[in-house]
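I have placed the structure first, in the form of structure tokens, so that the comments after it can refer back to it.
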Amino acid sequence: MDKIQILRKISQISFFLYFVFFISFCKICPLGFIQHFIIKGIDLYLLFKLVAIIFITLIFGKIICGWVCPIGFIFELIYKVRMKIFKE
């Protein structure tokens, strides 16, 4: 593994733990975000985070999916486990 891949893994694990301990999973996906706003009203802190994520995505492209998104991390983990189990 080169340095970039190690940094990416550290970033993914850090953001995954952040989402697990400080934010509920329903706020990760856009529909969960909308549901949260409908049920509990607008939370300016979370709205700021959403705008920041959209802004970063517009500038840097898929960096959010590869380095920050905890769902992408979970999918990648499941893929690696499946490859080990079925030896594909």
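Is it true that some residue in the stretch 6-20 is outside any helix (DSSP H, G or I), at pLDDT 75 or above and either out of contact with any Lys or Arg (no Cβ under 9 Å at 6 or more places or on another chain) or of a type in the set (Phe, Trp, Tyr) (or both)? Looking through the stretch 6-20, none of the residues is outside any helix (DSSP H, G or I), at pLDDT 75 or above and either out of contact with any Lys or Arg (no Cβ under 9 Å at 6 or more places or on another chain) or of a type in the set (Phe, Trp, Tyr) (or both).
I'm checking my understanding of the structure. Among residues of the stretch 21-72 that are exposed (fewer than 10 other Cβ atoms within 10 Å of the Cβ) and modelled with pLDDT of 75 or more, which one is nearest to residue 7 (Cα to Cα)? Checking each candidate, the answer is 59.
The values are calculated or read from the model by the stated rules, or taken from the named source; none is laboratory data. Given the structure is predicted, the values throughout are model-derived calculations rather than measurements. A quick note on method: Cβ atoms are made from the backbone with ideal geometry, for glycine too, and the neighbour counts reach across all protein chains shown.
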